[in-house]
Amino acid sequence: MKDIEYAAARSVDEAVGLLAARGDKARILAGGTDILVQLREGLRDADLIVDVKKIPELVGLSHDAKRGLRLGASTPCYRIYRDAKICAAYPALADAARIIGGWQIQSRASIGGNLCNSSPAADSIPALIAHDARCVIAGPSGRRTVPVAEFCTAPGRNVLARGELLVTLEFPPVGDGEGARYLRFIPRNEMDIAVVGAGVWVKLNAAKDTIAAARIGLAAVAPTPLPATEVGAWLAGKPATAATFAEAGDRARRLAKPISDMRSPAEYRLHIVGVLVTRALAGAVDRARGIVIGHSPNGQEH
Amino acid sequence: MVKKTHVSTTINGETAEFLCEPRQSLLEILRDTLELTGSKEGCNNGNCGACTVLMDGLPVNSCLVLAVEAEGATITTIEGIAEQAHLHPLQQCFLENAALQCGICTPGFIVAAKALLDRNPKPTEHDIRFELAGNLCRCTGYDKIVRAVQDAAAALEGKH
Ligand SMILES: Cc1cc2nc3c(=O)[nH]c(=O)nc-3n(C[C@H](O)[C@H](O)[C@H](O)COP(=O)(O)OP(=O)(O)OC[C@H]3O[C@@H](n4cnc5c(N)ncnc54)[C@H](O)[C@@H]3O)c2cc1C
Ligand code: FES
Ligand code: FES
């Protein structure tokens, strides 16, 4: 890696000041599992690294049944899936945190870093879309809030402007009859980038036999993580049955615009996105009914 | 050249201070400055786990930690796993199960397996394979590694 300066910011204002002054030449360091690799391989360039892990607001979780979850952008993944309350309330987020790299990566990698790296294949983003998370962004002119579904703009690009950083992710409170699931399809068992990913959230009616509302986010089937808004809207009012899940899978296929690359031909992605949406819906509905399901990353329990 | 930073850490139970450039990884400093060459560089990009160390009790890839980030941290490397002259049961079981061939992956596997057994003293085969997915081995086909970790778990259970 070329010579670089390092600064550990102690406050959001200090980080914003450094980023605003240095512009493109400064990069934020959270867990470093994307940025250090990219700097070393020359995929990104920077003169200054701003470590944000010493800013209290950026690290940690605070959960309140009435207000929801506030997740510091740089909180490492392991703190999410080791927290039983978070696993129960935001299970798709926990599913994703558990499979981003292996344990060594999860000790450092953050959800904020996964989101700000803005890969179309990022595992947490479909789960964040499914849970309807919002980004709290700080910048030179104050704070603003952007839904995760509108955050990514192109591969590796997002709405952050010069001097801005992601401070927290905010999740709405969770009510009765809700469930969520994130599934990822890869050829290996672990440690691989998604061929396709699908995050699903559902809310069932009081009898728990009908879907009252649903949200779906997809990974690796478009230039950005894809909110499958039309499929979520179609699901409202449908019976929570295998036939519904399969039709939702078919509808997700029609929205997907995947490319062919070293991981998969587009045709395979198109097929698999339907399979994953179907399985993830079944898992989310099981969870909404209080059924405990396994952690299989691709939804095939063994 | 960028000014060097002074970093103060605890490594394997002893205070360790060093000077580093901000671009240097913890792995580089461990191997080249502190001469703790047990941690290996396999890929230098987070994929192989050969550089695994414990940082404040958590397994991390030391190739993806900047040395400056280690300020104030407590670090355990493979050199700190044996208890004085006695091999740790994991080391003993790797040795007796031939859970290695070339040995490049072994320090990382042992450090990561130590973290696993500290958290979960009775892991299933699935637990072992899942938790050690961040460590790659090109030689053994993993079976012997899984069995060595299972044997070490049993040996440690006998000790308590
Ligand atoms: C071996 C390996 C396996 C991996 N496996 C997976 C996987 O299975 N799934 C997956 O999705 N990803 C995977 N990744 C990629 C990476 O680990 C994740 O994207 C991770 O979540 C990044 O988080 P981080 O905290 O390490 O980010 P960093 O590398 O610190 O930062 C990532 C980017 O976001 C910016 N950034 C970070 N925080 C902020 C903030 N608060 N505000 C503004 N910008 C910010 C940084 O400047 C940088 O551009 C893997 C990486 C490796 C090396
Ligand atoms: S050398 Fe660090 S993970 Fe391979
Ligand atoms: S023993 Fe050679 S890589 Fe594992």
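Quick one: P(r) of segment A:1-53 from all Cα-Cα pairs, 5 Å bins, percents rounded to integers, in order of increasing distance.
With 5 Å bins starting at 0, P(r) equals 5, 23, 32, 25, 12, 3, 0.
Amide H to amide H, which residues 5 or more places from B:Ile11 or on other chains are under 5 Å from it, using H placed in the peptide plane?
Result for B:Ile11 returns B:Ala16, B:Ile75.
Please arrange A:Lys208, A:Lys53 by counting, for each residue, the other beta carbons lying within 10 Å of its beta carbon, fewest first.
Values: A:Lys208 16, A:Lys53 20.
Neighbour counts put them in this order, fewest first: A:Lys208, A:Lys53.
Long-range amide H contacts for A:Asn158: which residues qualify at under 5 Å (H placed 1.01 Å from N, peptide plane, sequence gap of 5 or more or a different chain)?
Answer set, sorted by chain and number: A:Thr153.
Report the one residue of A:Gln38, A:Ser11, A:Ser119 whose Cα lies farthest in the direction of the positive end of the charge dipole of segment A:1-158 (charges on C-beta: Lys and Arg +1, Asp and Glu -1; origin at the Cα centre).
Farthest towards the positive pole: A:Ser11.
Shape verdict for chain B, please, from the Cα gyration tensor: rounded (a/c under 1.5), prolate (a/b greater than b/c) or oblate. Numbers along the way, then the final one.
Working: a/c = 2.20, a/b = 1.72, b/c = 1.28.
Prolate is the answer for chain B, as a/c is 1.5 or above and a/b outweighs b/c.
What does the structure give for B:56-67 when I average, per residue, the other chain Cβ atoms found within 10 Å of the residue Cβ?
Working: counts 1, 1, 7, 8, 10, 9, 1, 4, 13, 7, 8, 1.
Averaged over the peptide's residues, the number is 6.
Rounded to whole Å, give me the distance from the Cα center of segment A:236-271 to that of segment B:5-59.
44 Å
Across peptide B:143-151, what mean number of C-beta atoms from other chains lies inside 10 Å of a residue's C-beta? Mind showing how you got there, number by number?
On the way: counts 0, 0, 0, 0, 0, 0, 0, 0, 0.
For peptide B:143-151, the averaged partner shielding equals 0.
Can you list the HN-Hα couplings for segment A:15-24, worked out from phi with the Karplus curve (6.51, -1.76, 1.60; θ = phi - 60°), rounded to whole Hz and with x for Gly and Pro?
5, 4, x, 5, 5, 5, 5, 9, x, 4
Charges on Cβ only, +1 for Lys and Arg, -1 for Asp and Glu, centred on the Cα centroid of the protein assembly as shown; of A:Leu270, B:His6, B:Leu34, which one is farthest towards the dipole's positive end?
The residue sitting most towards the positive pole is A:Leu270.
Which lysines have a Cα lying under 26 Å from the Cα of B:Lys4, excluding residues fewer than 8 positions away in the same chain?
Candidates past the 8-residue exclusion: A:Lys2, A:Lys25, A:Lys53, A:Lys54, B:Lys40.
Only helical DSSP H runs with n ≥ 4 go in: add -39500 (n - 2.57) per run for the protein assembly as shown, normalise by residue count and round the 222 nm mean residue ellipticity to 500 deg cm²/dmol. The partial results should precede the final answer.
Working: 15 runs with 144 residues, N = 462.
Result for the protein assembly as shown: -9000 deg cm²/dmol, rounded to the nearest 500.
Please give me the summed charge of the neighbours of B:Val2: other residues whose Cβ is under 13 Å from its Cβ, Lys and Arg +1, Asp and Glu -1. Could the numbers behind the result be given before it?
On the way: positive: A:Lys2, B:Lys3, B:Lys4, B:Arg23; negative: A:Asp3, A:Glu5, A:Asp47, B:Glu21.
Surrounding charge for B:Val2 is 0.
Can you compute 3J(HN,Hα) from phi for each residue in segment B:140-153, using the Karplus curve 6.51 cos²θ - 1.76 cosθ + 1.60 with θ = phi - 60°, rounded to whole Hz and x for Gly and Pro?
So the Karplus estimates, Gly and Pro as x, are 7, x, 6, 4, 5, 5, 4, 5, 5, 5, 4, 5, 5, 4 Hz.
Cα-based Rg (one decimal) and Dmax (whole number) for segment B:5-80, in Å?
In order Rg, Dmax, the Cα atoms of segment B:5-80 give 10.8, 29 Å.
Size of the dipole of chain B about the Cα centre, Lys and Arg at +1 and Asp and Glu at -1 on the beta carbon, nothing else charged, in debye to 20? Don't skip to the end; give the middle numbers.
Details: 13 positive and 20 negative charges, 67 e Å.
Roughly 320 debye, rounded to the nearest 20.
Once all Cα-Cα distances of chain A are split into 20 Å bins that start at 0, what whole-number percent is in each one?
36, 56, 8, 0
Relative to the Cα centre, what is the charge dipole magnitude of the protein assembly as shown, using +1 at the beta carbon of each Lys and Arg, -1 at the beta carbon of each Asp and Glu, and rounding to the nearest 20 debye?
On the way: 51 positive and 51 negative charges, 262 e Å.
The dipole of the protein assembly as shown has a size of about 1260 debye.
How large is ³J(HN,Hα), in whole Hz, for each residue of segment B:128-133 in order, when computed from phi with the Karplus curve 6.51 cos²θ - 1.76 cosθ + 1.60 and θ = phi - 60°, using x for Gly and Pro?
4, 5, 5, 6, 9, 5
Largest first and to the nearest Å, give the Cα extent of segment A:125-185 along each principal axis.
Its Cα atoms span 41, 28, 13 Å along the three principal axes.
Summarise the long-distance tail of P(r) for segment B:89-159 by giving the % of C-alpha pairs beyond 22 Å. Walk me through the intermediate numbers first.
Values: 217 of 2485 pairs.
So the pairs more than 22 Å apart make up 9 percent of the total in segment B:89-159.
Anyone know which of B:Leu90, B:Leu34, B:Leu116 comes out most mobile in the 10 Å Cα GNM of chain B?
Maximum among the listed residues: B:Leu34.
Sort out for me the Cα centre separation of segment A:1-71 from segment B:106-134, rounded to whole Å.
Going from one Cα centre to the other spans 30 Å.
For B:105-117, what's the mean count of beta carbons from other chains sitting within 10 Å of each residue's beta carbon? Could you put the intermediate results ahead of the total?
Details: counts 0, 0, 0, 1, 0, 0, 1, 3, 0, 0, 3, 1, 0.
The per-residue average across the peptide is 1.
Among B:Ala16, A:Ala109, A:Ala73, whose Cα projects farthest towards the positive end of the dipole of the protein assembly as shown, with charges put on the beta-carbon of Lys, Arg (+1) and Asp, Glu (-1)?
Checking the options against the dipole of the protein assembly as shown, the answer is A:Ala73.
Given charges of +1 on the Cβ of Lys and Arg and -1 on the Cβ of Asp and Glu, with all other atoms neutral, how large is the dipole of segment B:5-80 about its Cα centre, in debye to the nearest 20? Numbers along the way, then the final one.
Numbers: 3 positive and 11 negative charges, 48 e Å.
Dipole magnitude for segment B:5-80 comes out near 220 debye.
Bear in mind these aren't lab numbers, they're just calculated from the coordinates by the rules spelled out. As the structure is a prediction and not an experimental result, all values here were calculated from the model. Glycine also receives a Cβ, built like all others from the backbone with ideal geometry; neighbour counts cover every protein chain displayed.
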